[in-house]
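FYI, it's all coordinate maths here, none of it is from the lab. On a predicted model such as this, the values are computed, not experimentally measured, just so you know. Glycine gets a Cβ as well: all are built from the backbone with ideal geometry, and neighbour counts include every protein chain shown.
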């Protein structure tokens, strides 16, 4: 329990209040959705509000997991607990963290020799025109 006291208790209490509010809102939306005799439009909107709440919660959990990984990767004392090490959090490194690893994108390459002569001539004409408009010397 003393490990959890390292984290700001005020923020934990605030988070618990927000979760309780969220549960209350979700319960109200489920009740509207369950009412088969209720207005169809209201039921439809309750369905969409529930979907939005669910998506928001998923995004928040995803970002929270990245924040915890980031904190552990930086060896922040809040995250250096024995339970975290037992679960393998100490093996996570920034270069392995999906939030910080960017995959190489395949670029489209085009060789000038592969272009038809008409396309090459059009490119040269455009370049010459731009150079003339900018007052540059064009090579003929």
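Worth pointing out:
- Sites residue 22 and residue 65 - FRET efficiency at Förster radius 22 Å, r taken between beta-carbons, to 0.05: 0.75
- Neighbour-count order for 119, 32, fewest beta carbons within 10 angstrom listed first: 119, 32
- The ranking of 27, 81 by Cβ neighbour count inside 10 Å, starting from the fewest, reads 27, 81.
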